[in-house]
Structures are given as structure tokens and as C-alpha cells.
1. Quick one: which of LYS84/LYS227; LYS101/LYS147; LYS58/LYS151; LYS77/LYS147 span more than 32 angstrom between C-alpha atoms?
2. Using DSSP to call loops (not H, G, I, E or B), can you name the trypsin sites (Lys or Arg not before Pro) in segment 193-228 whose Cβ has at most 14 other Cβ atoms within 10 angstrom?
3. Output the relative contact order of the chain, whole-number percent, from Cα pairs under 8 angstrom with separation of 6+ residues.
4. So if a site counts as exposed when it's one of the chymotrypsin sites (Phe, Trp or Tyr not before Pro), its DSSP state isn't H, G, I, E or B, and it has at most 11 other Cβ atoms within 10 Å, what's the longest stretch of the chain without one?
5. Which residues in segment 81-99 place their backbone N less than 18 Å from a point set 7 Å from the Cα of PHE127 along the Cα-to-Cβ direction?
6. What is the spin-label model distance, in nm, from LEU214 to LYS147 if the labels are put 7 Å beyond Cα along the C-beta direction?
7. Using 0.36 nm times the number of residues separating LYS81 and ASP37, minus their current alpha carbon distance, what extension gain do you get?
8. For a Förster distance of 41 Å, can you work out the FRET efficiency between the beta-carbons of TRP190 and TYR90, rounded to the nearest 0.05?
Amino acid sequence: PEVKPPAIPECDKWELPELLDREKEVVGIYLSAHPLDGFRFEMENYGITPINEMEANKSRNIRIAGYVTDVGHMTSKKGTKFGKLTINDYSGNFEIMFWEKNYVQYGNYLVDSQKLMIQGVYDENRFQPGRMEFQIQNIMLLDEVRKQLTKRLHISLPLLRVDDEFVNFIEQNVKNHPGNTELILYVTDWNGMEVRLKSQGRKIEVNDELIGYLLEHEEDIQYSLDKT
């Protein structure tokens, strides 16, 4: 008699983060996407140094960012807690140690698959000359970078581009995404005269919808950021 293959039960599809974790676990690489693909705006606009350029920026205050793997929470023989993580970006990865004080302050960030921006100095260990380490000054969730570090958003466009579609989009976006970022528009007419328009009393959060709109219309709309 013919043997029927086993029926595969119906199940919910994995969300992208879980799918990527499974791919890395089974295959060793990410196939469907990269964990940082949703943060390209942050990686490109907030002075973040690629991990493979840390050596060229030795002794300087820099920002690195990426997703977290290989987290470790440990306790010394004296009972002191410390930890470690590996931060990964598009260019490479680097292990960062969290000794006693840093562990107390930042230990909650030591979570596998977390996306972080870490600010500090890549330099020699004070007590072990020749051994390089990343000396942490601050840590922030990568998801919070644009919200906390964008002081002003400047948008420049020609007068002919200020149509009902643009006005309605900006008006609705500012209404739907209040935040801490000043929005300033620069409108240029056909004679090269520029008018500066500043939102009065209404600030915005730099959001995915706005970023997508600016990138979609980058041929005639330019933007720049003032960052803290």
C-alpha cells in the first residue's frame, strides 16, 4: 500500500527577527535580510563609525552601532558581576567587556539580538598596555537614536514642489508624530530667492513615514539634520 507523507500542521509564520535568528542558527548566515536593514537611516546619518574603521579612529570619541550577539553575564570569585557582548554591523564585529561599574550601569542592554548605539573611545587598556578596548561613555537603543539626537530637520525644495500633496503630507505627519525635533522648510522660487519657514510651537519626531517620503522624492526634495 502507498504510504502517505506526514501532513505538516498549519502554523504562524515567523516574524523577521525570529526568522533571521533561525537562519543564523541553522545556516550560519542571514539569508532573508540583515538585522540592521531597518536602521540604515541611523547608520548613515548620525556619525556612526563602522566597526572595521575603529583602528583608524583610535583614541577618538566615536559612536559604533549594531546588533548584539554572544552575551555573557558572569561573576568573579569575589562575587563581582561583569559581562560582555559582541556588537555586529555591516563591516564586522567587536567584543566589548562590561566591568563592574559599566555592568551596573548598562547591564540591562546585554541582551542577544538587541540593537544598540554605543559611544566611547577605542584605546589601550589603562592597566594592560597594548591591549585595546572600547571604553564606554554612553549606550542607547538604536531605535531611540533619531528621536533623541535629532535637534533640527531641514527640508529644501523648489516652490513648484509645494503642492497640495506635499502640504497635506507634512501637515498630517507633524500632527501624527509630535516629538522634539524642529522642522524648518526652505522654499526656493524660479529666481533663486529662498524663504525660510519654521514650524512655530510644533515639533516632530523623525519617523519612518517621513523618512520614506523624503527618500522617495530625493530628486527634488533635499534634507539635512542638526544632531546633538
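Throughout, read-outs are computed from the coordinates displayed, never taken from laboratory work. These figures come from a predicted structure and were not determined experimentally. Because the Cβ atoms are built from the backbone with ideal geometry, glycine has one as well, and the counts that use them run over all protein chains shown.
1. Values: LYS84/LYS227 29 Å; LYS101/LYS147 27 Å; LYS58/LYS151 28 Å; LYS77/LYS147 41 Å.
In this structure, LYS77/LYS147 exceed 32 Å between Cα atoms.
2. Values: sites: ARG196, LYS198, ARG202, LYS203, LYS227; in loops: ARG202, LYS203.
Filter output for segment 193-228: ARG202.
3. Working: 366 pairs, mean separation 32.7, N = 228.
With pairs under 8 Å counted, the relative contact order is 14 percent.
4. Result for the longest clean stretch: 1-126.
5. 81-84, 96-99
6. It is 1.8 nm.
7. Numbers: separation 44, 0.36 × 44 = 15.84 nm, distance 3.35 nm.
Extending this stretch completely gives an extra 12.5 nm.
8. Values: r = 42 Å, r/R0 = 1.01.
Once rounded, the FRET efficiency stands at 0.50.
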